[in-house]
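Asks: Pasting in a structure now, in structure tokens, and then I'll have a few things to ask.
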Amino acid sequence: MPPAPLLALHQLVKNYGGVRALRGVDFNLHAGEVHALLGENGAGKSTLIKVVTGAHQPNGGTITLAGQCVADLTPATARALGIACIYQQPALFPDLTVAENLALRLESTSAASRIDWAARRARAKELLARIGAEISPEAEVSSLSMPEQQLVEIACALGSGARIVIMDEPTASLTQKEQHLLFAVVRDLRKNGVGVIYISHRLEEIFALADRVTVLRDGQSVGTHAVSDIDEAGLIRLMVGREVAQIYPAAESAPGHAVALSLRDVGCHVSGVRNVSFEVRAGEIFGLGGLVGAGRTELARILFGLTPADSGEITLHGQPLTLRSPQDAVAHGIAYVPEDRRRHGVVLALPIAHNMTMAIHRRFFPTTWLRFGAERTLALDFIRDLAVKCSGPDAPGSSLSGGNQQKVSLARWLATKPKLLILDEPTQGVDVGAKSEIHKIVRRLAKEGLAVILISSDLPEVIGMSDRIGVMGGGTLRAILPGGSDPHDVMAAALGTTGKSAA
């Protein structure tokens, strides 16, 4: 008789008011298995994780751990039973050190206990070394990049000695080198009998790591397959219920000749950006590729006035700009949709309408008279135009899936009627269907004459969406390549092994 699964979910049901988020889901995980969980945003993956980790109680069905039925699962009992979760958005205390954050999760000493600081630092150093993370245990979390914070979360899960590890988009903000290190960790966990639930929108990772895959759609499990028995097209059909023939829509019109944005030897010693020169034409999608840390986001922050340039010249439609603050940038027609939508994109507690009009709130609330009707009308227009899936403009941002949060963040800046739109990782962590919708929106905006700078760590995305690709490395622009370039050429330029350039 085969051993009982580490985890078995049977006919799991979860309701939020009148919304049924899980509709009788079956799922199981064996020891020493990597079981991928896929589905579009809103399919029920996040709800399933919250139930398994004890954050939410199911309304029906059973949860069985190692053959034992578990009722009233709470976060504390889930941890005690050996369940650890690595979330896409790191949940660390920014003003504490790495070692202190790890200690809060892993130590169980009382308030009166004497702290062995040396042992605490040594433990943190050992866990970070296991995943190849070159991070000091003494570093404050606020000083770490998003990829580094993600690695700290992974180290924490390893240190808990968990039997079941849930990884929610663990590579979303990691470099290629860090991804390979993570893959090695996952394989090591599998070899040691740990069961891994692996959630990712990057299908190539599923085929590289997973043994089985279960797909959710509309709160139901629509198929479980051995990875060897299904291909990428089959997974996409299961996820979206339709064929997605073209993830990257073809450009419908060529960029115009009018130069919208011009940079000449732009630099900022604080952010490490130096001597960057390029032009973006009206109606053009100018991609910025390169490895994490290459200076792409730092350049976007310069253009949005967050870290002002201290050298070079920036002009927009022929007008020289001095960008000392985001207010300067918005006044000149520059919009920026940032990488971290949870911290800088959508205010989860506020209604969708308020989120969409935040950048132009004075237009609706110029005095003590509040124009809620006009704000609601604008929000409804954007909900329709961007196909935002929500219950209405009064719903909170927290009720939205990741892809729809990104659309709301985009709507906020489109409301300013920009001349230049900067998109930093616009589809990070969103499913294949939402990604395709966002791509179509960006193409449409370019067709309407908007100049777009698209920053992406997803190489196929930056190649497939861009009219031209600026490849950055070491804080400077290393090459400009045509859209649709060979991925090897883009990567070679990012690594500084070629001087190939084409205007």
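Values quoted throughout were computed directly from the atomic coordinates according to the rules given, and no laboratory measurement underlies them. The structure displayed is predicted, hence computed values, not measured ones. Quick reminder, even Gly has a Cβ in these numbers, built from the backbone with ideal geometry, and neighbours come from all protein chains shown.
Asks: Per residue of the chain, what 222 nm ellipticity follows from adding -39500 (n - 2.57) for every DSSP H run with n ≥ 4, rounded to the nearest 500?
Replies: -9500 deg cm²/dmol
Asks: Can you give the charge dipole size of region 7-240 about its Cα centre, rounded to the nearest 20 debye, using +1 on the beta carbon of Lys and Arg and -1 on the beta carbon of Asp and Glu?
Replies: Roughly 540 debye, rounded to the nearest 20.
Asks: Can you put 315, 357, 97 in order of Cβ neighbours within 10 angstrom, beginning with the fewest?
Replies: The most exposed by this proxy come first: 315, 97, 357.
Asks: So, one more: Looking only at the chain, where both bridge partners belong to it, what percent of the DSSP beta bridges are antiparallel (to the nearest 5)?
Replies: So the antiparallel bridges in the chain amount to around 55 percent.
Asks: So for the chain, taking the charge dipole from beta-carbon charges (+1 Lys/Arg, -1 Asp/Glu), which of 158, 326, 66 sits furthest toward the positive end?
Replies: 326
Asks: If you don't mind, there's one more thing I want to ask. Tell me the relative contact order for region 9-101 as a rounded percent, counting alpha carbon contacts under 8 Å between residues six or more apart.
Replies: 25
Asks: Now, a different point. If I model a spin label at residue 486 and residue 310 as a point 7 Å from the Cα along the Cα→Cβ vector, what separation in nanometres do I get?
Replies: 4.1
Asks: So what's Rg/Rh here for region 120-277, counting alpha carbon atoms and using the Kirkwood radius for Rh?
Replies: 1.09
Asks: 5 Å is the cut-off here: which amide hydrogens, built 1.01 Å from N in the peptide plane, fall below it relative to residue 221, excluding neighbours closer than 5 in sequence?
Replies: Amide H neighbours of residue 221: 26.
Asks: Which one of 287, 469, 141 has its Cα pushed farthest toward the positive end of the charge dipole of the chain, where Lys and Arg give +1 and Asp and Glu give -1 at the Cβ?
Replies: The listed residue farthest towards the positive side: 141.
Asks: Another question, if that's okay. With θ set to phi - 60° and the Karplus curve 6.51 cos²θ - 1.76 cosθ + 1.60, what are the ³J(HN,Hα) couplings of region 28-36 in order, to the nearest whole Hz, using x for Gly and Pro?
Replies: Taking θ as phi minus 60°, the curve returns 9, 9, 9, 4, x, 10, 9, 10, 7 Hz for region 28-36.
Asks: Pairs 45/389; 50/177; 177/440; 14/440; 45/407: which are spaced more than 25 Å apart, C-alpha to C-alpha?
Replies: 50/177; 177/440; 14/440
Asks: A further question follows. What FRET efficiency do you get for residue 66 and residue 145 if R0 is 41 Å and r is their Cβ-Cβ distance, rounded to the nearest 0.05?
Replies: 0.60
Asks: Another one. Can you give me the relative contact order of the chain as a percent, contacts being Cα pairs under 8 Å and 6 or more apart?
Replies: Rounded, it is 15 percent for the chain.
Asks: Moving on to the next point. Taking every pair of Cα atoms in the chain, average 1/r, invert it to obtain the Kirkwood radius, and report Rg/Rh to two decimals.
Replies: 0.97
Asks: Further question: Using a basic spin-label model with each label point 7 Å from the Cα along Cα→Cβ, how many nm lie between residue 360 and residue 180?
Replies: 4.8
Asks: When only Cα pairs under 8 Å and 6 or more residues apart are kept, what is the percent relative contact order across region 76-161?
Replies: Computed over region 76-161, the figure is 46 percent.
Asks: Now a separate question. Per residue of region 131-144, what does 6.51 cos²θ - 1.76 cosθ + 1.60 with θ = phi - 60° give for ³J(HN,Hα)? Whole Hz please, x for Gly and Pro, Karplus curve as stated.
Replies: 9, x, 8, 8, 10, 6, x, 8, 5, 6, 4, 4, 8, 8
Asks: Which of the GluC sites (Glu not before Pro) found in region 126-161 are in a DSSP loop and have at most 14 neighbouring Cβ atoms, other than their own, within 10 Å?
Replies: Here the sparse-neighbourhood loop sites are 134, 138.
Asks: So, one more: Calculate how many DSSP beta bridges within region 7-240 are antiparallel, expressed in % of all such bridges and rounded to the nearest 5.
Replies: 60
Asks: Round to a whole angstrom and tell me the spacing of the C-alpha centers of region 167-203 and region 58-104.
Replies: Taking the Cα centre of region 58-104 as reference, the centre of region 167-203 is 18 Å away.
Asks: So, with +1 on the Cβ of K and R and -1 on the Cβ of D and E, and no other charges, what is the size of the charge dipole of the chain about its Cα centre, to the nearest 20 debye?
Replies: Rounded to the nearest 20 debye, it is 860 debye.
Asks: Give me the one-decimal nm value for the distance between modelled label points at residue 265 and residue 59, 7 Å along each residue's Cα-to-Cβ direction.
Replies: Distance between label points: 6.6 nm.
Asks: Taking 0.36 nm per intervening residue step and subtracting the Cα-Cα distance, what contour gain separates residue 229 from residue 91 on full extension?
Replies: Length difference between fully extended and current span is 46.1 nm.
Asks: With a Förster radius of 56 Å, plug the Cβ-Cβ distance of residue 134 and residue 4 into 1/(1 + (r/R0)^6) and report the FRET value to the nearest 0.05.
Replies: E(calc), rounded to 0.05, equals 0.90.
Asks: Semi-axes of the equivalent ellipsoid for region 7-240, please: Cα gyration tensor eigenvalues, times 5, square-rooted, ordered largest first, whole Å.
Replies: 30, 21, 16
Asks: While we're on this one: Want the number for residue 80 to residue 374: 0.36 nm per residue separation, take away the alpha-carbon distance, what's left?
Replies: Computed gain between residue 80 and residue 374 is 100.7 nm.
Asks: Also: List the trypsin sites (Lys or Arg not before Pro) in region 411-503 that DSSP assigns to loop (not H, G, I, E or B) and whose Cβ has at most 16 other Cβ atoms within 10 Å. Which are they?
Replies: Hits after loop and neighbour filter: 500.
Asks: Quick one: 279, 448, 169, fewest Cβ neighbours within 10 Å first, how do they rank?
Replies: Least crowded to most crowded, the residues run 448, 279, 169.
Asks: All other residues with a Cβ under 13 Å from the Cβ of residue 322 taken together, and with Lys, Arg as +1 and Asp, Glu as -1, what is their net charge?
Replies: Local charge sum for residue 322: -2.
Asks: What FRET efficiency, computed as 1/(1 + (r/R0)^6) with R0 = 35 Å and r the Cβ-Cβ distance, is obtained for residue 257 and residue 385, rounded to the nearest 0.05?
Replies: Once rounded, the FRET efficiency stands at 0.80.
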